[in-house]
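To start, the structure itself, in structure tokens.
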Amino acid sequence: MENLSFDLEATPLREINQFLHGDASNLSGKTIHISNPNGAHNIAVGLNAPVHVTIDGHAGYYAAGMNQHSTVTVTGSAGTGVAENMMSGLVHVKGFASNAAGATAQGGLLVIDGDAGLRCGISLKGADIVVGGSVGSFSAFMAQSGNLVILGDAGEALGDSLYEARIFVRGTVKSLGADCEQKPMDEASSKILGELLVKAGFQDIDVDSFKLYGSARTLYNFHVDNAGAY
């Protein structure tokens with residue numbers, strides 16, 4: 001596996017991203033190391049090849065956004081919208097993530113070792129997100145499908161206007177959003193949770209320590225009695 005290194009203090013970000021947007025056959029299997037990110041925005045966005053990218057430090061907004069096939073690791077923390085609209089692959093933030101982590105993500109796995117900010121997994125559309133810490137308010141707002149696993153606590157209005165996504169919480173939930181309710185943990189959900197914990201590197205965590213939350217399905221169709229909840 002070929003290893004390449006870029007230093008953002010010496011090479012413009014646009015040049016690095018243009019290289020990463022090159023022919024997928026030429027990038028396949030390569031390992032790319034990006035040093036001195038210093039919170040730059042849009043690092044490693046729009047990747048579409050089975051390449052491994054390590055961002056050695058803190059990344060700014062939208063790191064690894066629209067990811068396909070790639071494995072992107074941020075050794076520090078990430079700003080707003082990390083892995084936004086991810087389609088496939090793996091994005092791993094070893095620090096903390098700011099607001100809207102994994103927003104609208106349709107596939108792949110986002111792992112955040114630390115806490116995540118507000119609206120984690122907003123409008124989630126099929127991806128999986130595992131957060132080792134806690135998440136802020138309105139996480140999984142309007143989440144349509146996929147899974148959000150929270151090993152810590154959740155803020156206010158968790159799962160507000162939820163559709164068919166699953167939310168697993170190990171800690172406490174400050175409050176549930178409109179149409180979100182606790183569900184019994186069935187065998188299928190336990191299996192999904194167990195597999196995600198292993199993939200995310202939390203295989204020693206007992207699935208029985210989690211609670212499952214999902215949609216009460218009362219807001220699927222407009223009803224005047226529910227007008228205040230929309």
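Derivation of every value follows stated rules applied to the coordinates shown; laboratory data play no part. Only a predicted model underlies this, so the values are computations on that prediction, with no experimental measurement involved. For neighbour counting, all protein chains shown are included, and Cβ atoms are generated from backbone atoms with ideal geometry for every residue, glycine included.
Along the positive direction of the dipole of segment 1-110 (beta-carbon charges: Lys, Arg +1; Asp, Glu -1; about the Cα centre), which of ALA59, LEU109, PHE6 reaches farthest?
Value computed over the given set: LEU109.
Report ³J(HN,Hα) in whole Hz for each residue of segment 190-203, in order, from the Karplus equation J = 6.51 cos²θ - 1.76 cosθ + 1.60 where θ = phi - 60°; Gly and Pro get x.
Couplings: 4, 5, 4, 4, x, 5, 5, 4, 5, 4, 8, x, 10, 5 Hz.
What Rg and what Dmax come out for the chain when only alpha-carbon atoms are used, in angstroms?
18.0, 61
So, with +1 on the Cβ of K and R and -1 on the Cβ of D and E, and no other charges, what is the size of the charge dipole of segment 3-203 about its Cα centre, to the nearest 20 debye?
Around 120 debye, computed over segment 3-203.
Report, by chain and number, residues whose modeled amide H sits under 5 Å from the one on LEU176, excluding near sequence neighbours (fewer than 5 apart, same chain).
The answer is ALA157, LEU158.
Just to check I understand the Karplus step: with θ = phi - 60° and J = 6.51 cos²θ - 1.76 cosθ + 1.60, what whole-Hz values come out for segment 123-135, glycine and proline as x?
After applying 6.51 cos²θ - 1.76 cosθ + 1.60, I find 6, 4, 10, x, 6, 10, 10, 10, 10, x, x, 10, 10 Hz.
Classify segment 1-106 as rounded, prolate or oblate from the Cα gyration tensor: take a ≥ b ≥ c as the square roots of its eigenvalues, call it rounded if a/c is under 1.5, otherwise prolate when a/b beats b/c and oblate if not.
oblate
When the Karplus curve 6.51 cos²θ - 1.76 cosθ + 1.60 is applied with θ = phi - 60°, which whole-Hz ³J(HN,Hα) does each residue of segment 181-186 get, with x for Gly and Pro?
Working through the residues one at a time gives 9, 6, 10, x, 7, 7 Hz.
Could you identify which residue out of SER123, SER190, SER134 has the top mean-square fluctuation in a GNM of the chain using Cα springs shorter than 10 Å?
Per the Cα network of the chain with a 10 Å cutoff, SER190 tops the list.
Ordered by packing density, taken as the mean number of other Cβ atoms within 10 Å over each peptide's residues, highest first, how do 101-109, 50-58, 195-203 rank?
101-109, 50-58, 195-203
Would you mind ranking ARG170, ARG14, ARG217, ARG119 so that the residue whose beta carbon has the fewest other beta carbons within 10 Å leads the list?
ARG14, ARG217, ARG170, ARG119
What percent do you get for the relative contact order of the chain when only Cα pairs under 8 Å and 6+ apart count?
This gives 10 percent for the chain.
May I ask you to compute the full-extension gain from GLN144 to SER88, defined as 0.36 nm times their residue separation minus their alpha-carbon distance, rounded to one decimal in nm?
Stretched fully, the GLN144-SER88 segment lengthens by 18.5 nm.
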